[in-house]
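The values are calculated or read from the model by the stated rules, or taken from the named source; none is laboratory data. Owing to the predicted nature of the structure, the values given are computational and were not obtained by experimental measurement. Positions of Cβ are backbone-derived with ideal geometry, glycine not excepted, and every protein chain shown enters the neighbour counts. Side chains included, ligands, DNA and RNA excluded: accessible areas come from the protein's heavy atoms. Shrake-Rupley method; radii C 1.70, N 1.55, O 1.52, S 1.80 Å.
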Amino acid sequence: MHYIAALDYEHLDNGVFLTSLARSLSEQQDNEDIRPIIIHTDSEYTERIIQTGVMRDEATVRSVKDLNKRLVALFADQGVSTIGINPYQRNFITLKNDELQLDHSFLESLPSRPVLLLSTLVQDLENDQTVVIELSRLLSFLNAKLETDQLFIFSKSDESEIFTDTIEADEYRWDTLDDEFRAKQIPKDFSTFNEPVRLTSARDFNQIPNLDHSILIDSPA
């Protein structure tokens, strides 16, 4: 299974969640058929940098870079081999005329077994600067370019590690999700997402490629 999992703003400041996720990734490593890509945005850490007098744009870029390094170290502590990349490097992912482009040759040069950890930092070619794009946009873009098998996001509910036990169905649609479900389960970074994705928890993520402990949220009819 080739999948992409997205770490949103709220989860990236949650140490318990991140440690649980790292353990789940460690358990997946025994399956050679699993090819993971993890993508991440910034976190509340950005606000702490701003409080030191740094402007928001610069603080966000710094936050994302630091988080990429921290996640690689955290995953390594759990025995997860990870390649951390900020996609602006080597123009791996670029933005021009508001269109994203991917350098496939660079991607193909990377080893397939380690977890590939990508941030939301891309190179704006027109303005010759590094910019942050929306996490949901990066997820959609990579899925289209790489034709992955599954997309995963993580429930923002911390009430139960095995959250599927308390949810009535195992399949939903974006256009029919009720407000309570959205408020309790869907991270804000994906509040307007409309593509098929699986909702899971960090603990249940160790079940991959078994999808029984995840919830499909499908595209609108």
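Which net charge results when you count Lys and Arg as +1 and Asp and Glu as -1 among the other residues whose beta-carbon is under 11 Å from that of Ile34?
Local charge sum for Ile34: -3.
With the Cα gyration tensor of the chain giving a ≥ b ≥ c as the square roots of its eigenvalues, does the rule (a/c under 1.5 for rounded; else a/b larger than b/c for prolate; else oblate) give rounded, prolate or oblate?
Rounded, because the longest to shortest axis ratio a/c is under 1.5.
For the chain, set up a Gaussian network in which alpha carbons nearer than 10 Å are linked by springs, and say which option among Thr192, Thr60, Thr200 fluctuates the most.
Thr192
Go ahead and set up a Gaussian network model of the chain, Cα springs under 10 Å, then flag whichever of Gly84, Gly53, Gly15 fluctuates most.
The residue that fluctuates most here is Gly53.
For Glu99, Glu180, give me the order by solvent-accessible area with a 1.4 Å probe, most accessible first, ignoring ligands, DNA and RNA. Let's see the in-between values first.
On the way: Glu99 110, Glu180 140 Å².
Ranked from most to least accessible, the order is Glu180, Glu99.
Any idea of Met1's accessible area? Nearest 10 Å², probe 1.4 Å.
Roughly 40 Å² of Met1 is accessible to a 1.4 Å probe.
Please give, to one decimal in nm, the separation of the simple spin-label points placed at Glu180 and Leu211, each 7 Å out from Cα toward the Cβ.
If labels sit at Glu180 and Leu211, their model points lie 2.7 nm apart.
Can you work out ³J(HN,Hα) from phi for every residue in segment 26-37, in order, using Karplus 6.51 cos²θ - 1.76 cosθ + 1.60 and θ = phi - 60°, giving whole Hz and x for Gly and Pro?
4, 5, 6, 4, 6, 9, 6, 7, 8, 10, x, 10
Quick one: 3J(HN,Hα) in Hz for segment 88-95, Karplus 6.51/-1.76/1.60 with θ = phi - 60°, rounded, Gly and Pro as x.
Karplus values, whole Hz, x for Gly and Pro: 5, 5, 6, 6, 4, 10, 10, 10.
Could you run the Karplus curve 6.51 cos²θ - 1.76 cosθ + 1.60 with θ = phi - 60° over segment 75-81 and give me ³J(HN,Hα) per residue in whole Hz, x for Gly and Pro?
The phi angles translate into 5, 4, 4, 9, x, 9, 6 Hz.
Given points 7 Å out from each Cα along the Cα-Cβ axis, report the Asp218 to Lys69 separation in nanometres with one decimal.
Label at Asp218, label at Lys69, 4.6 nm between them.
Springs between alpha-carbon pairs under 10 angstrom, Gaussian network model over the chain: which of Leu138, Leu121, Leu177 fluctuates most?
Checking each option, the largest mean-square fluctuation is seen for Leu177.
Ignoring everything but the protein chains, give the 1.4 Å probe accessible area of Arg203 in square angstrom, nearest 10.
130
Setting aside same-chain residues fewer than 8 positions from Lys145, which aspartates and glutamates have a Cα under 15 Å from its Cα?
Output for Lys145: Glu99, Asp103, Glu108, Glu195.
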